[in-house]
1. Taking Cα centroids, how far is region B:476-555 from region B:248-301 in Å?
2. Enter the mean number of other protein chain beta carbons within 10 Å of the beta carbon of each residue in A:42-53, as an integer.
3. Which percent, nearest 5, of DSSP beta bridges in the protein assembly as shown are antiparallel?
4. Once each part is reduced to its C-alpha centroid, what is the distance from region B:12-61 to region A:114-150 in angstrom?
5. I need the phi-derived Karplus couplings for region B:130-138: 6.51 cos²θ - 1.76 cosθ + 1.60, θ = phi - 60°, integer Hz, Gly and Pro marked x.
6. Tell me, Kirkwood radius of region A:113-222 from alpha-carbon pair distances, in Å?
7. Once R0 is set to 56 Å, what does the formula 1/(1 + (r/R0)^6) return for the Cβ-Cβ distance between A:Arg144 and B:Thr4, expressed as a FRET efficiency to the nearest 0.05?
8. What ranking do B:Asp244, B:Asp539, A:Asp268 get, fewest neighbouring Cβ atoms within 10 angstrom at the top?
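Read the figures in this text as sums done on the coordinates, not as results from a lab. Remember, predicted model here, so these are calculated numbers, not experimental data. Positions of Cβ are generated from backbone atoms using ideal geometry, with glycine treated the same way; all protein chains shown enter the neighbour counts.
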Amino acid sequence: MHYISPVLWQFLEKWLGNSPLFPPEGSAMSVHVDVFFLFLLLVEIVGVTIVTLMVVTFTILYRKERHPVATQIEGSTLLEATWTLIPLAVFLVCFAWGALLYFRIYDPPTNAMNIYIVGKQWMWKAEHPGGQHEIDALHIPIDRPVQLTMISQDVFHSFSIPAFRIKREVIPGRYSTVWFEATKPGVYHLFCTQYCGTDHSAMVGWVYAMKPEDYRAWTQGSTSGSSLAQNGERLFASLGCHSCHTGQESARGPDLAGLYGSKVRLADGTYVTANDAYLRRSILTPGAQVVAGHSAIMPTYQGQVSEEGVIDLVQFIKSLNSNYRIKQGATAPELEPGQAGTPGTVPAEPAAQAQPGNRAGSAHTTPGTVK
Amino acid sequence: MSSTSIINLPNQQTARMPKNHYLNSGYGLKSWALTLDHKRIAILYLLTTLFFFCIGGLMAALMRLELLTPAGDLVASDTYNKLFSIHGIIMVFFFLVPIAPAVLGNFLIPIMIGAKDVAFPKLNLLSYYIFLIGGFFELYSIIWGGVDTGWTFTTPLSTHYVNTNVISAAMGIFIAGFSSILTGLNFVVTIHRLRAPGMTWFRLPLFIWSYYATAIIFILATPVIAITMVLIAMERVFGIGVFDPALGGDPILFQHLFWFYSHPAVYVMILPGMGVMSEVVGCFSRKRVFGYTAVAFSSVAIAVFSFFVWAHHMFIMGISNYSALVFSLFSMLVAIPSAIKVFNWSATMYKGSITFETPMLYAFSFIGLFTIGGLTGVMLASLGMDIHMTETYFVVAHFHYVMVGGMVSAVMCGLHFWWPKITGRMYPEQLGKLAASTLFIGFNLTFFPQFILGYLGMPRRYHAYPAEFQVLNVMSTAGASILAIGYLLPAMYFLWSLKYGAIAGSNPWQATGLEWQIQSPPLKDNFEEIPVVDFEAYDYEWLANKTRHEVTNVG
Ligand SMILES: [Cu+2]
Ligand SMILES: [Cu+2]
């Protein structure tokens, strides 16, 4: 907010933000968006006023009673150049300002905490790294950048929080991301804005922006017992991934430790960065990008793992970058100390199968798998 | 002639309708069903598209009723989804796209350029029947269960998840598309080949320039939507994986294909309206349109630029940052020719001699509403703003300002302006003014609140909505009922005027343009002999001289 005039800022915060004709301003970005909106509104008003003034003045001055015979005028290059170039200049300002804002809204800061969102007809599922699940609700701490990694299990949806002025399409088959930093504790609307079938208008929920200490209390109170990475580890075992990815030199599949974030050389000689999207593709369509030095023997898991299951696996592979049992707090900075899901509070052994909400067991019956 | 009006009607005691004209050149169903006369085909299109407009309007009325209350209580969710899908499909593909080109264009283009008919009269009739067949497919999908994909047919919803008549609806659009292509071809050839001697490109009325641009878009863009619709049908029937990510397809590809047509189509829905504006503003200011060449070339510029902006519908769908930049920039540029036009029309009034008959009132409302619609388009094209506004009621309001406030106003304007030429009779002027004002007020009351709703975040296509949005929605529904009166009134007095309207004579507005120099309604062949054009467009001095000359001759 530093470069926005304090007067304007006060006006937006105290007056417009509380008006029923203006959405509340709940994120660091919303003030910037609103300032830009006011600028665009000004352009709109000035433009409409100029045209109206021209029309009204001419109709008064040159109506037939006053001006019975028209004076023929061919045109005026100078005038026409003026009303070409001035709008052009104004529109280019809109373009540049809009572009800068767009990049700010869509480029997440590197220290953002990550929450996964899975959209499906007709609900939003949020998966916190600590293993908390929620449906049609999203609890987030204020004053901390939060990035959402989103995917749809069926059709296009769109994740929109008007109070934060953010929105992004949630697409089947690929991750999309959006980020925000809430500034005020409160409860805000969460909408699906892309038409997605029968209950599109019921695909709504609430965003709970909480003070950090309240958020910490919430994460402790609503844990499902194991973190996403722990769920992933169980799934890794039950799907038989460990039979090839043993981590040993002689294994049939490459070692996955240290994979996340590294550059992978593929069989065709190109390199890719191992991000969430790459890991997801490696699991669902392994044949599409084969790692150099390996043959394409990995079976596809398309149709066997749900999107939530894939997220668990991805989180597990990410956690292999360090020994996650020991250093989990470091690789998953979202987890606050003392919270369930940190070592010691949760049994990481397969015995956890008995707990409610876990993802292990038969690949065909648990909630983490399809059907 | 009164000093506040330019209407110049023949003496009603002695005036008679012309003995021979295109309406009485043959009677009976066959003379209409097999007609090759471009004017009769225009009438056929008019009746058909108005029929579709009534269906689309009925759907809109039901939607507005549902939205009176926040809860989804009047109809079920699925029904509501069908309502807005059918409303969109019908209004876009079966009303807005065909109405101006196929009705006003068919009727006027040959006459305005001094030709007896379009270049390919049989093709013209064929394209009408193709349109009709497409329309039957659409009616079938509506009556036997409806369709609920939205007019945008978003995949994979449309290909894998809904169980309604997607295939027949898509086929209806596919078939009707050929009608557009043929009409476009016909217009292009007609304008190139059939201009009367002396009718150079720069003597053409600006109406022709904008219809030429429209025809180009028809020819180049429509095949893409046709292919897209076929792919949708194939994916549904055979499960080929073009769009389905589970089969290795790409749903974003659908968005590209769909908007590659549908954005230029937006200009198909506005360019003809701009043509009407140029004629009407010039006529009621008694002046040549200010900066003829700029207005002419801005039509062409719009047609060209319109092909490079489609991805502005996809800014939040994860297209790359660079393509977002390019498409935002081009969207800004496409706004420039429209701005030029608005300024040139306004400047046309400068030192004119302005009167306020019904068509001129519609022209005022076009200019105002189109300016608002256009500038909100600039807001949406500004990348960072689009994120918050897209997929909300802000977009809904924006395109209704352009398409209803702009195009439908222009169609009403054109219908009133050329009604005396089409039917030979005047509509009642006072009622006309009343209807135009009603339409303007009703329109703003309906759609202005939707801008506010949109910025507040109300998503479009919502059957039920949070209670805090109710007041604005009630206003919108109230406005819609006023708007409905604004449409019903002209429907009634137009019908009335067919029998009881004053006899118009050949040139009630004392306008230039070849269509006003022949009898109303025109002869079957338009001209007794092909005119030789030795005057510029909008030459009101030439017209005044000619009238004076005739008076002295007769006197
Ligand atoms: Cu939805
Ligand atoms: Cu567009």
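1. A separation of 24 Å, based on Cα centres.
2. That average works out to 4.
3. If I count the DSSP bridges inside the protein assembly as shown, around 70 percent turn out antiparallel.
4. Cα centres, region B:12-61 to region A:114-150: 59 Å.
5. These are the phi-based 3J(HN,Hα) values: 4, 4, 4, 5, x, x, 5, 4, 5 Hz.
6. Taking every pair of different Cα atoms in region A:113-222, averaging 1/r and inverting gives 13.8 Å.
7. The formula returns an efficiency of 0.25 here.
8. In increasing order of surrounding Cβ atoms, one gets A:Asp268, B:Asp539, B:Asp244.
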